[in-house]
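The values are calculated or read from the model by the stated rules, or taken from the named source; none is laboratory data. Just so it is clear, the structure is predicted and the values come from calculations on it, not from any experiment. Neighbour counts are summed over all protein chains in view; Cβ atoms, including those assigned to glycine, are modelled from backbone coordinates with ideal geometry.
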Amino acid sequence: MQAEDASFGAPRLVVATGGLSIAKIGATSFGYDLAGQFGLKIEPPRAALVPLVFSERDRKRWCDLAGVSIEVVASIRGAKRTAKPAFRENMLFTHRGISGPAILQISSYWDGKEPIHLDLAPERNLTAELRERGHRDEASWRLLLREVLPRRFADRWLETYPLTGNSDRALADAERQLHGWEVKPEATEGYGKAEVTAGGIDTNELSAQTLESRKVPGLFFIGEVVDVTGQLGGFNFQWAWASGFCAGQAV
């Protein structure tokens with residue numbers, strides 16, 4: 001390895017430089033650059049477990065609700081997907097878009113183009129609940145939404161998506177909208193607020209047992225610099241420790 005004024009050699013080198021997330025604590029592209037010098041395949045890095053940013057129009061519509069939290073099911077239903085990830089957790093409005101565990105989770109699967117679907121009343125059949133109460137007018141619908149959702153959001157929702165009548169069809173359409181809100185983020189908050197970096201050195205380039213490069217004997221890559229990304233809950237820490245252990249055993 002060449003430094004500014006010296007060269008260093010070693011029979012084995014373990015690269016544990018992490019990804020690009022949180023540059024203020026020293027994150028750089030060093031690990032990717034080094035792998036590229038040796039011809040290893042690299043999946044394009046991107047921010048993951050990261051808040052999402054609304055378009056300017058949606059920021060004006062929703063972001064004064066910053067701080068409001070709602071339990072949702074966040075999912076991506078792209079036609080090309082065989083697996084359709086979905087997460088039932090809280091969503092939080094921010095000054096620029098949406099965050100919270102449900103959004104951080106789904107952001108790792110977002111390709112930057114697909115819409116994100118949000119079920120704002122998981123496992124609730126509001127039309128049936130209205131029917132049981134014997135009321136089907138706009139006032140009853142508003143009252144029910146205020147029970148299910150935070151009041152500020154419920155009122156804003158009804159301003160944006162008003163009930164169009166008292167018919168079965170109008171109520172069905174209103175409920176369908178509530179269970180399938182389609183959001184099209186403009187971007188993520190980027191590496192500065194991303195908890196992890198997705199992408200990195202292709203796992204096919206490394207030994208599954210030791211994380212040693214298949215092309216360059218003695219060169220190991222571990223942790224976030226590798227194309228392995230876990231969900232929330234400590235899985236990324238576990239991967240860092242486990243991959244480090246495997247490489248350590250081989251070294």
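Need pairs with beta-carbon distance below 6 Å; first residue on the phi < 0 side of the Ramachandran plot and within the range 204-228, second aromatic (Phe, Trp, Tyr) and in a loop (DSSP other than H, G, I, E, B); sequence gap 6+ or separate chains. Cβ pairs passing all conditions: Val216/Phe38. Here Pro185 passes the criteria (1) assigned to a loop (DSSP other than H, G, I, E, B); (2) surrounded by fewer than 18 Cβ atoms within 10 Å (Cβ to Cβ) except the one numbered (2).
Here is a check on your reading of the model: is Glu71 at positive phi and either surrounded by 19 or more Cβ atoms within 10 Å (Cβ to Cβ) or charged (D, E, K, R) (or both)? For Glu71, the condition - at positive phi and either surrounded by 19 or more Cβ atoms within 10 Å (Cβ to Cβ) or charged (D, E, K, R) (or both) - is not met. Just one of the numbered conditions (1) farther than 18 Å from Thr229 by Cβ; (2) at pLDDT below 95; (3) buried (at least 19 other Cβ atoms within 10 Å of the Cβ) is not true of Gly18: (1).
Picking from residues in the range 167-176 that are under 20 Å from Glu123 (Cβ atoms) and surrounded by 15 or more Cβ atoms within 10 Å (Cβ to Cβ), the one that is farthest from the chain's Cα centre (by Cα) is Leu171.
Entry remark, the range 163-182: residues being outside any helix (DSSP H, G or I) and in contact with a helix residue (DSSP H, G or I) (Cβ under 8 Å, 6 or more places away or on another chain) number 3 in total.
Look at the range 81-100 and say how many of its residues are closer than 21 Å to Arg152 by Cα, of a type outside the set (Gly, Ala, Ser) and surrounded by 16 or more Cβ atoms within 10 Å (Cβ to Cβ). Residues meeting the conditions: 7.
Taking the criterion of being of a type in the set (D, E, K, R) and in contact with a Cys (Cβ under 7 Å, 6 or more places away or on another chain), would at least one residue in the range 41-54 satisfy it? No, the range 41-54 contains no residue that is of a type in the set (D, E, K, R) and in contact with a Cys (Cβ under 7 Å, 6 or more places away or on another chain). For Asp58, the conditions (1) in contact (Cβ under 8 Å) with a residue 24 or more places away in the chain; (2) outside the structural domain of Trp181 (by TED's automatic domain parsing) are fulfilled apart from (2). Scan the range 216-227 and tell me whether some residue there is within 30 Å of Glu56 (Cα to Cα), outside any strand (DSSP E or B) and under 18 Å from the mean Cα position of the chain (by Cα). Among the residues of the range 216-227, not one is within 30 Å of Glu56 (Cα to Cα), outside any strand (DSSP E or B) and under 18 Å from the mean Cα position of the chain (by Cα), which makes the answer no. Filtered by the rule that a residue be free of Cβ contacts under 8 Å to residues at least 24 places away in the same chain, outside any helix (DSSP H, G or I) and not aromatic (Phe, Trp, Tyr), the range 122-161 gives Glu123, Gly134, His135. Taking the range 125-160 as the region of interest, how many residues are under 16 Å from Asp64 (Cα atoms) and either outside the structural domain of Leu178 (by TED's automatic domain parsing) or loosely packed, with under 13 Cβ neighbours inside 10 Å (or both)? Count: 3.
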